[in-house]
């Protein structure tokens, strides 16, 4: 149920991001159709329908990612893990962490292009976020093969992953969407550079063999639990006190910290 919730949340984000050129309008209209827009705006303090819609889209998206984080642990606790569940998890991630970031990325790029943030000659990069869904498909296929292969039993017990995990693409583009929702006028004219990074270097990191710390194996190794908790605590503090710059720092720090921690802990284990 958690895995399918993640899939459904990703599908909604895809629909909302692609329905209207103005990001946030479609989820706001969806809330209005249910009579929930005004209560939601009162709750969040949003003064614009667009901002309220983006906030709702982000809430649904991140709730799906939370379900993705928990589904493996719940399956193991219930003794319900199996090959079909693993494949279904990858299919859900392809939607919520592959298609959804690509749709949001293209919508953001189109907005930045329309506003004129792109320098001359870079106006044709709005399709680059499609590389995210291609990289996610490659990354998830490799992970599914390695996790179900009897020929690589050691890979199944590793606490890290090869390549940046696909859900990070959802966090990255969700973070850019959050920052963009708080900007007005030309305040976010620098975000297009992070958009280019998220559409090029992020997919390359996903298909690489760069070791990364995963977040789906809580309780299996105390050292990795300490790394995860430490990064999450620091990232939350940075986001709270340095926003919106803190969101950028937290996003960029994850791949770097994951690789360094993986190398250091691997050396200690030997």
**Complete:** When 38, 120 are arranged by how many other beta-carbons sit within 10 Å of their Cβ, fewest first, they go 120, 38
**Message:** With a cut-off of 8 Å between alpha carbons and a minimum separation of six or more residues, what is the relative contact order of segment 1-140 in percent?
**Reply:** 33 percent
**Prompt:** Separation between the residue 18 and residue 44 pseudo-spin-labels, each 7 Å from Cα along Cα→Cβ, expressed in nm?
**Reply:** 2.2 nm
**Request:** Please work out whether segment 1-67 counts as rounded, prolate or oblate from its C-alpha gyration tensor, where a ≥ b ≥ c are the square roots of the eigenvalues and a/c under 1.5 means rounded, while otherwise a/b larger than b/c means prolate and anything else oblate?
**Result:** prolate
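Laboratory data are not the source of any read-out in this text; all were calculated from the coordinates shown. All of these numbers come straight from a predicted model, not from anything done at the bench. Cβ coordinates were reconstructed from backbone atoms using ideal geometry, including for glycine residues, and neighbour counts include every protein chain displayed.
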